[in-house]
Amino acid sequence: MSGTSLDGVDLVYATFNRESNGQWSYSIEQSETVAFSDTLLDQLHESGNLLGSQLAQLDHDLGVFFATIINAFVLRFQLNKSEIDAIASHGQTVYHQPAKGFTTQIGNPAVIAFHTGIPTVGDFRTKDVLYGGQGAPLVPIGDRLLFKNDAASFLNIGGFTNVSFEKNGVMRAFDICPGNLPLNKLVRSKELAFDKDGLLASTGELNYFLLDLLNSLPYYEKDAPKSLGTEWLEQDFYPLLKFDKDIENNLATVVEHIAIQIGKTLNDNELESVMITGGGAKNSYLIERLKRYFKGQIILPDNQLIDFKEALIFALLGVLFLEKEPNCISSVTGASKDVCGGVLHLP
């Protein structure tokens, strides 16, 4: 799994078992996060602006990189390739425009299958988009099948912040607001990859004018299903921020904005508890601010689940694909039916 925040590639080696009640149990046998090379990271940051031939080259090169780190992972943990049913690879999203009928993830899964010798499932989002869905979020199927009894709702704070919950037997999920992407972009001017524990944000002062502008963005008035992409950040969100000065104040204000939007969403849907995962779960200042706005219980699981829940669930999506079962929930994405998303590449 590689998310929009580009903070590394998450690998898990997991096993799954179907229980008699329809739920699934899982075990994370091994897990690891691998950083991108500086060259790849620079190219990925610019991927939305590349020429077609350059993007095709990056698609191939990223597939080789994924395969290389998977092979190293297999060696390091002495895994038996013959016992691995498949690799499930999310890829790296470069374009996500479901309203126009397409979504694009690079990191070619055919290349991964070729270089690892392991069947690889990729392209999980396209079929849902073709059936009129947002192609996102996809993680809620895992919340339903793996974690249903652990909390009333599930929040992932990655590049964007998304929530899932079940109401009256219907699964609902959507992107609430940005997550780590604008925070990481703000601190890059200070030559930092991210604001550890939200320490810089905690020293800033709120810019109430900016806070009102952010909270007034039209996206927040839209009904779900809805999803966010980096295009929205570039067009609607980033133009409101200053990236060359007042960094601490901007950080504090964006953190407050995120906490307000999360709290409002959880409270409006009368959710009594939330399990938080993703990199933002480790931003203690953000969690502290969220406690001000959310009335319910905040559950922070162990670090392995915080870091690897999304990768684990994409492994489950691969399992469901191999079982020929739906892995995209139409009530979540807005598609005309539940679909079994993915494409299998044999080595």
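Report yes if some residue within region 270-284 is surrounded by fewer than 20 Cβ atoms within 10 Å (Cβ to Cβ), over 25 Å from ARG144 (Cα atoms) and out of contact with any strand residue (DSSP E or B) (no Cβ under 7 Å at 6 or more places or on another chain); otherwise report no.
The answer is yes; a qualifying residue exists.
Give the residue, chosen from ILE112, ILE118, ILE70, that is aliphatic (A, V, I, L, M), surrounded by fewer than 22 Cβ atoms within 10 Å (Cβ to Cβ), closer than 24 Å to ASP307 by Cβ and at pLDDT 95 or above.
It is ILE118.
Could you list, in sequence order, all residues of region 204-251 that are farther than 24 Å from ALA335 by Cβ and either surrounded by fewer than 13 Cβ atoms within 10 Å (Cβ to Cβ) or touching a strand residue (DSSP E or B) at 6+ places or on another chain (Cβ under 8 Å) (or both)? Walk me through it before giving the result.
Step one: filter region 204-251 for residues farther than 24 Å from ALA335 by Cβ, giving 204-217, 233-251.
GLU205, TYR208, PHE209, ASP212, SER216, LEU233, GLU234, GLN235, PHE237, PRO239, ASP244, LYS245, listed by residue number.
Taking region 146-184 on its own, how many of its residues are in a loop (DSSP other than H, G, I, E, B) and closer than 29 Å to GLN235 by Cβ?
3
Can you pull out the residues in region 172-203 that are crowded, with 18+ Cβ neighbours inside 10 Å and of a type in the set (A, V, I, L, M, F, W, C)?
If the condition is that a residue be crowded, with 18+ Cβ neighbours inside 10 Å and of a type in the set (A, V, I, L, M, F, W, C), then ALA173, PHE174, ILE176, CYS177, LEU181, LEU183, LEU186, VAL187, PHE194, LEU200, ALA201 are the ones that fit.
For region 1-105, list the strands (runs of 3 or more DSSP E) that sit wholly inside it and hold at least 2 residues that are within 26 Å of GLY278 (Cα to Cα) and among the aliphatic types (A, V, I, L, M); which are they?
Qualifying strands (runs of 3 or more DSSP E): 9-18, 24-34.
If you check ASP128 against the conditions, is it assigned to a helix (DSSP H, G or I) and among the charged types (D, E, K, R)?
Details: assigned to a helix (DSSP H, G or I): yes; among the charged types (D, E, K, R): yes.
So ASP128 fits the description; yes.
Return a yes/no flag: does region 196-210 have any residue that is assigned by TED's automatic domain parsing to the domain that holds LEU271, within 15 Å of THR277 (Cα to Cα) and of a type outside the set (Ser, Thr, Tyr).
Yes, because at least one residue in region 196-210 is assigned by TED's automatic domain parsing to the domain that holds LEU271, within 15 Å of THR277 (Cα to Cα) and of a type outside the set (Ser, Thr, Tyr).
Given (1) surrounded by fewer than 14 Cβ atoms within 10 Å (Cβ to Cβ); (2) touching a helix residue (DSSP H, G or I) at 6+ places or on another chain (Cβ under 6 Å); (3) not β-branched (Val, Ile, Thr), where does LEU75 come up short, assuming only one miss?
(2)
Inspect region 139-147 for any residue being touching a residue at least 24 places away in the same chain (Cβ under 8 Å) and at positive phi and give the result as yes or no.
no
The values are calculated or read from the model by the stated rules, or taken from the named source; none is laboratory data. All values reported here derive from a predicted model rather than from experimental measurement. Counting neighbours? That spans all protein chains shown, and the Cβs are built from the backbone with ideal geometry, glycine included.
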